[in-house]
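Asks: Please find one structure pasted underneath; my questions will follow.
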Amino acid sequence: MKKLIAVMIAASFASAAYAAPATYKIDTKHSMPRFEYSHFGYSVQLSRFDNTTGTITLDRAAKTGSVDVTIDAKSVNTGSSLFNGHIQGKDFFDTVEYPTITFKSNHLKFEGDKVVSVDGNLTVKGITKPVTLTLNSFLCMPHPMLKKEACGATATTVIKRSDFNMGKYAPYVGDEVTLTIPVESVKQ
């Protein structure tokens, strides 16, 4: 009987731990958002941002949480230092006036204990628009090297550059931009 009571108590502590919200810090070395667009119809160009920070809070039992991401727009990496400077100018990211891009969630959609999409507000160049990030993958498990719980996901959405006052050269340079946000985070 004592063993049964001990097992029940241990199980209640384990479920209480699972039910508690957990906060994860974004791993900047494994979270590099990228964007792609048509270049005159010749090709699809792919660029990324090399510095992203933020936090993710998840309560999988209550099926709630939040996502708060800040991207350093000056860390844009097009593969060309000349083009990096060009794309940071006033016609595009205007990083002197708007050095960061942010995403703040207002709703996470769960299927079971997995997040499948995140609704929130994307702010680029001081302009905020609602977007839905669709998660193509989502996984939480113990990190094999850090020995802490970690969560990762790859999210995508499509936006229009012109919605954020960045529409120069459209439609020759595609107005539609696919954002892909791979993110890994470690429990704090």
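Asks: State all residues of the stretch 36-82 that are in a strand (DSSP E or B) and of a type in the set (A, V, I, L, M); if no residue qualifies, say none. Spell out the reasoning first.
Replies: Taking the stretch 36-82 and keeping what is in a strand (DSSP E or B), we get 36-39, 43-49, 52-59, 64-72, 76-77.
Residues satisfying the conditions are Val44, Leu46, Ile56, Leu58, Val67, Val69, Ile71, Val76.
Asks: Residue by residue through the stretch 18-48, note down the ones that are farther than 16 Å from Val186 by Cβ, surrounded by 13 or more Cβ atoms within 10 Å (Cβ to Cβ) and more than 12 Å from the chain's Cα centre (by Cα).
Replies: Hits for the stretch 18-48 are Phe35, Glu36, Tyr37, Ser38, His39, Gln45, Leu46, Ser47, Arg48.
Asks: Does the stretch 135-142 contain at least one residue that is farther than 21 Å from Ile71 by Cα and touching a Gly at 6+ places or on another chain (Cβ under 6 Å)?
Replies: yes
Asks: Give the residue that is nearest to Ser117 (Cα to Cα), with candidates limited to residues of the stretch 38-67 that are polar (S, T, N, Q) and touching a Phe, Trp or Tyr at 6+ places or on another chain (Cβ under 8 Å). Working first, answer last.
Replies: Step one: list which residues in the stretch 38-67 are polar (S, T, N, Q), which gives 38, 43, 45, 47, 51-53, 55, 57, 64, 66.
Restricting the remaining residues to those that are touching a Phe, Trp or Tyr at 6+ places or on another chain (Cβ under 8 Å) gives 45, 47, 55, 57.
Values: Gln45: 25, Ser47: 23, Thr55: 16, Thr57: 14 Å.
So the residue we want is Thr57.
Asks: Being basic (Lys, Arg) and part of a loop (DSSP other than H, G, I, E, B) narrows it down to one of Lys104, Lys90, Lys109, so name that one.
Replies: Values: Lys104 fails: part of a loop (DSSP other than H, G, I, E, B); Lys109 fails: part of a loop (DSSP other than H, G, I, E, B).
Answer to the check: Lys90.
Asks: Kindly check whether there is at least one residue in the stretch 115-137 that is free of Cβ contacts under 8 Å to residues at least 24 places away in the same chain, surrounded by fewer than 16 Cβ atoms within 10 Å (Cβ to Cβ) and either touching a helix residue (DSSP H, G or I) at 6+ places or on another chain (Cβ under 7 Å) or not in a strand (DSSP E or B) (or both).
Replies: no
Asks: Show the residue pairs that are 6+ apart or on different chains and have beta-carbon atoms under 8 Å apart, the first residue being within the stretch 75-102 and more than 25 Å from Val131 (Cα to Cα) and modelled with pLDDT of 95 or more, the second being surrounded by 15 or more Cβ atoms within 10 Å (Cβ to Cβ) and of a type in the set (Val, Ile, Thr).
Replies: Filtered contacts from the stretch 75-102: Asn84/Val76; Asn84/Thr78.
Asks: Oh, and also: Cβ-Cβ below 6 Å, separation at least six or inter-chain, first residue in the stretch 152-165 and under 13 Å from Leu122 (Cβ atoms), second of a type in the set (Gly, Ala, Ser): which pairs?
Replies: Arg161/Gly167
The values are calculated or read from the model by the stated rules, or taken from the named source; none is laboratory data. Please read these numbers as outputs of a predicted model, since none were measured by experiment. Neighbour counts run over all protein chains shown; Cβ positions are idealised from the backbone, glycine included.
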